[in-house]
Structures are given as C-alpha cells and as structure tokens.
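Peer 1: So that we are looking at the same thing, I have put the structure below in structure tokens.
The values are calculated or read from the model by the stated rules, or taken from the named source; none is laboratory data. Bear in mind that the values here come from a model prediction, so they are computed numbers and not experimental data. Positions of Cβ are generated from backbone atoms using ideal geometry, with glycine treated the same way; all protein chains shown enter the neighbour counts. SASA here: full protein model, heavy atoms, side chains in, ligands and nucleic acids out. Shrake-Rupley method; radii C 1.70, N 1.55, O 1.52, S 1.80 Å.
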Amino acid sequence: MNRYLTTTLPYVNADPHIGFALEIVKADVLARLYALQGDEVFFNTGTDEHGQKLWQEAVKKGVAPQAYVDEYATKFKALKEKLDLYPDLHFVRTTDEHHEVAAQEFWRRCAANGDIYKKNYQIKYCVGCELEKPDSELVHERCPLHPNVDLQLIDEENYFFRFSKYQQSLLDLYASRPDFVVPDFRQKEVRMFVERGLQDFSISRLKEKMPWGIGVPNDPKHVMYVWFDALVNYISTLGWPEDTQTFEKFWGTQEAPNALQFGGKDNLRQQSAMWQAMLMSAGLPNSKQILIQGFVTSGGQKMSKSLGNVISPLNLVEKYGTDAVRYVLLRHTSAFEDSDLTLDAIHEHYTANLTNGLGNLVARVMQMATACLQGPVEMTQETKPDVDVAAYIEKFEFNRAMDCIWERVGHNDALIALEKPFVGIKSDDASIRDEAFLIIKKLVRELNAIATELEPFMPATSAKIREAVLTHKKPENLFPRI
C-alpha cells in the first residue's frame, strides 16, 4: 500500500519550536509504522520561506532574504537527525526552483477555471499570522494570537481567489467524509466556519511594497501571497505537475484519496478549507484526511520569548537524548487538545518513567538473564504489538498507545517484585531455581515484545533492547540519571 504523510511547513522566522517537534514526531511514528507493515511511504516536511514577516526581519538584520531563510532552513533540516526522523524523509523549501514552477502552474490552472480576479480592497492584516483579520476575530482591535503585533491596514489592488464559489463543494466534502478532519470537533468547527459563508481572499501583494515572494504569472507587479504559495508544497514535493505517476501514486485520485496532513489548530482553515477549495479549483484530488493537534503551552501560558518560557526541542535532545524527547512528546501530551509542558515536568517524566521505569526494568532483567541463563532466550513466536497499542495508533491517540506500553513495563516490574526470581536463582532447591529461570525467560521475552511495540515511537531504544535480548548482554544504562 502507498502512504503519503506531510506536516505543515514551519515559518522560518525563529528556531524550531517544541510544538512543531510534536507535530513531526507524531507523523514520524505513522511513517515508521507503515514502513514496518511493508507499505511504501512518502513522508514530507520542509520550510515556508516567503512572506512579509520574513522580508521585514531580513531588512531589519541587513541581510538578503535568501540568506536569512537559508540560515533557518538549515536548523529545521537538523531536526531529521536530532529527532531521529524517518530515513527517507523529504524536505521541501518554498524557495526551491521546482516549487516556484509548481506554484505558478497551480495559479494558472485556478485562473483558467475563472477563480482568480483582481480588485481593490481594504483589510486589517496580521503579519504574525500572515492572514486577513475581520473585526469578528479581533480582541480589543488586536489579533488574539499575536496581541503584541500591530495590525496593518492594507489598501491596494490585489488578486483574489474565489473562495466563496466553493462553499457548497466543501460542505459536500465534509458530509461525505465525516472523518475528513480529526478530531471530530475540529471538523465541526471548520464546517460551521464554511456554513457562515466564505469570503474571497487575497492571493497576491504588490511587489513594490513586498517583493519577497513567487512572481504572479504574466504580471510582474505582483508576487503570490504566502499561503497560496506555501500550500502547494504538498504536491510540488511529489514532482507535480511534471511527474504525474508519482503524484497519483502517493497523493491519490478523487476516487481514492491518499494524503494525510498533520497540522496545528491555527492551521485548521488553511488546511481543511482554503487548500481543499484550491485543489478543487485546480482540478486536483482533495486530501484524504487532516489531523489537527492543539498547542503546547508552558505553565498554563502560551510560549513566548518575552515570557521566557519557550522550550527548545534541540536543547532537550542535548540534555536528555533523542528518544527521551520523543517519549515525552508522544506520551505526555494530549492527542488533540492543548498540552502543558514545563522543564520540571519533563525532568520528572524522564526520571520516573525512563530512568526508574523502562531503563531499570531492562537492566534488572538482563542482569538476571546473563547471570543464570547459558545463552539467548529462544523467541517461540513472532511478537506483534498489543492490539490496544495498534488500535490507539489507528485513532492517532499516540499518548494512549504509549500508556499501554508502560502498563506492560509496570506489569513486569510487579512480576519481579511478586515472584522475586533474583532470590529463586540462588536457592538450593532445584525446582525453585527452575521456576525462577522460567520467570526470567518470560521477562526476557517481554522485553522483546516491548522493544517491538516501541519501534515506531523510540526506534533507537527499541534497537538497543532487542540487541541486548538477542546477544544476551546487559546494555549500557539506557537512560542515565541526570
């Protein structure tokens, strides 16, 4: 089976954020799981590199916009190694030459369908969101997501996309596919947004006012609005429009859509309404499913530099290691709601559940096994993930899947405490020793099962546990005390 997964493209105006790390690690679990099942996987991420916000920052720093985005794109590319992401991960940049060609072709197709027109307009514009902001969405005349950023009043002639034309088509899409957006309350949210009526949205800016963008075909005075350009990455990465074979293989067809998109709740409209209408306009298949997650907060507050509560995933990896960070993100965050993480809580999770939990179990079992068993324990049958683990993954509830694995860890800890095989192996009674040996063999097989279930979540740890079992050696401390 062919699988296509993509994250959103983070805007390269700051270092990688823990919220995006959560998004890409979740997507990575599915990519790895599908590959383990024998599926062919196309996993996409990248960087969004155009728009007014980036241009203004580059001007402020006195550097060329391309040099500015190059610096940040390198930091996001580093996540592949730092978070141990899927080996064949594709990385697209919206400044890539092929992406620019694809974005312009996409524009032409929408224009040919009569869905692009030019008009004068006045709007309130949030540079932080790179979005128009109607009065109904403002709080005290400010964008609620960027309350410290002044809204800009834009009065100019721009190109517009006929979003309003696709109101009924979008409602039909949601009705025909009740699980198009996950979780269901996000589907309800976007459906209600569409039901209230859609306004055509601007898809260009005057080049003399904001030059950093992809040129509009046949109009050198305009560049594409950042969202219209960036959303096309989901198909440009597949070689569209030239490589129709790869596109159909992974993106799918109208009858059999195949694209699973990950995004945050602030991307809900762009992913599940704007982008879907754009695809309809260009005559291309819609996505298969959109998975929306909440924000990561810290101490009950949104992370911000001014509050000093921003958590860097790269700093966490440096301190705790890659798999420990993957563990915290996958188990100790909500599947779909906002999640709160603090440095103290992360340290507590690491110590209690990795150092004293999984790491301690592996060390105790393999210490007993190497002390009293003559060689590796025979694995009598192929170990498959627990049915609950698989079921929760299918529902994108990665935290509950991890809970199931740690219940297994706890069960085996309890078994050791109850049966005390470490005492039995020293008994002068042969029958007691034999019973202890059987318990230790069972525990070793349990480690192998845990390793199998952990493979898509914590691949390096899974490999170390499996190697310890197969080579009959106690591994080095998996999670050193910090």
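Peer 1: Name the residues in segment 200-222 that are among the basic types (Lys, Arg) and within 20 Å of Tyr11 (Cβ to Cβ), would you?
Peer 2: Across segment 200-222, the qualifying residues are Arg205, Lys209.
Peer 1: Report yes if Ala27 is assigned to a helix (DSSP H, G or I), farther than 23 Å from Val232 by Cα and either open to solvent by less than 10 Å² (accessible area, probe 1.4 Å) or among the small types (Gly, Ala, Ser) (or both), otherwise no.
Peer 2: On the way: assigned to a helix (DSSP H, G or I): yes; farther than 23 Å from Val232 by Cα: no; either open to solvent by less than 10 Å² (accessible area, probe 1.4 Å) or among the small types (Gly, Ala, Ser) (or both): yes.
For Ala27, the condition - assigned to a helix (DSSP H, G or I), farther than 23 Å from Val232 by Cα and either open to solvent by less than 10 Å² (accessible area, probe 1.4 Å) or among the small types (Gly, Ala, Ser) (or both) - is not met.
Peer 1: Just checking, does segment 76-85 include any residue being in a helix (DSSP H, G or I), open to solvent by 60 Å² or more (accessible area, probe 1.4 Å), at negative phi and among the acidic types (Asp, Glu)?
Peer 2: From segment 76-85, those in a helix (DSSP H, G or I) are 76-77, 79-82; that's our starting set.
Going one step further and asking which of them are open to solvent by 60 Å² or more (accessible area, probe 1.4 Å), we end up with 77, 80-82.
Now restrict to residues that are at negative phi: 77, 80-82.
From what is left, the residues that are among the acidic types (Asp, Glu) are 81.
Checked segment 76-85: at least one residue is in a helix (DSSP H, G or I), open to solvent by 60 Å² or more (accessible area, probe 1.4 Å), at negative phi and among the acidic types (Asp, Glu).
Peer 1: It is to be established whether one or more residues within segment 231-238 are more than 18 Å from the chain's Cα centre (by Cα), at pLDDT 95 or above and open to solvent by 20 Å² or more (accessible area, probe 1.4 Å).
Peer 2: no
Peer 1: Among the residues of segment 251-259, are any surrounded by 15 or more Cβ atoms within 10 Å (Cβ to Cβ) and out of contact with any Pro (no Cβ under 9 Å at 6 or more places or on another chain)?
Peer 2: So the first thing to find is which residues in segment 251-259 are surrounded by 15 or more Cβ atoms within 10 Å (Cβ to Cβ), and the list is 251-252, 257-259.
So of that shortlist, the ones also out of contact with any Pro (no Cβ under 9 Å at 6 or more places or on another chain) come out as none.
No, the conditions are met nowhere in segment 251-259.
Peer 1: Shifting gears a bit: From (1) free of Cβ contacts under 8 Å to residues at least 24 places away in the same chain; (2) within 26 Å of the chain's Cα centre (by Cα), pick out the condition that doesn't hold for Phe250.
Peer 2: The number of the failed condition is (1).
Peer 1: Still on this structure: When you scan segment 389-480 for helices (runs of 4 or more DSSP H) that lie fully inside it, which ones turn up with 2 or more residues that are touching a residue at least 12 places away in the same chain (Cβ under 8 Å) and β-branched (Val, Ile, Thr)?
Peer 2: Working: elements: 398-419, 421-424, 430-454, 459-471.
The qualifying helices (runs of 4 or more DSSP H) are 398-419, 430-454, 459-471.
Peer 1: Can I ask one more? Within segment 30-47, which residues are of a type in the set (Ser, Thr, Tyr) and open to solvent by 10 Å² or more (accessible area, probe 1.4 Å)?
Peer 2: Going through segment 30-47, the residues of a type in the set (Ser, Thr, Tyr) turn out to be 34, 45, 47.
Hit for segment 30-47 is Tyr34, nothing else.
Peer 1: Right, something else. Within segment 71-109, restricting attention to residues that are more than 24 Å from Ala324 (Cα to Cα), of a type in the set (Asp, Glu) and at pLDDT 95 or above, which residue is nearest to the chain's Cα centre (by Cα)?
Peer 2: Here the residue is Asp96.
Peer 1: With the requirement that a residue be open to solvent by less than 60 Å² (accessible area, probe 1.4 Å), outside any helix (DSSP H, G or I) and either among the basic types (Lys, Arg) or more than 14 Å from Leu478 (Cα to Cα) (or both), what does segment 315-347 give you?
Peer 2: Result: His332, Thr333, Ser334, Ala335, Phe336, Ser339, Leu341, Thr342.
Peer 1: So Gln66 passes all but one of these: (1) farther than 20 Å from Ala103 by Cα; (2) in contact (Cβ under 8 Å) with a residue 12 or more places away in the chain. Which condition number does it fail?
Peer 2: Failed condition: (1).
Peer 1: Can you tell me how many residues in segment 348-376 are open to solvent by 20 Å² or more (accessible area, probe 1.4 Å) and under 27 Å from Leu291 (Cβ atoms)?
Peer 2: Total satisfying the criteria: 2.
Peer 1: I would also like to ask the following. Between a residue in segment 187-204 that is basic (Lys, Arg) and any residue that is surrounded by 16 or more Cβ atoms within 10 Å (Cβ to Cβ) and in a strand (DSSP E or B), which pairs come within a Cβ distance under 9 Å, given they are 6 or more apart or on different chains?
Peer 2: Filtered contacts from segment 187-204: Lys188/Val181; Arg191/Val181.
Peer 1: Also, quick follow-up: Are any residues in segment 207-230 assigned to a loop (DSSP other than H, G, I, E, B), under 22 Å from Arg93 (Cα atoms) and either open to solvent by less than 10 Å² (accessible area, probe 1.4 Å) or not charged (D, E, K, R) (or both), and if so, which ones?
Peer 2: So the first thing to find is which residues in segment 207-230 are assigned to a loop (DSSP other than H, G, I, E, B), and the list is 207-214, 217-218, 225.
Imposing the further condition that a residue be under 22 Å from Arg93 (Cα atoms) reduces the set to 207, 210-214, 217, 225.
Within segment 207-230, Met210, Pro211, Trp212, Gly213, Ile214, Pro217, Tyr225 qualify.
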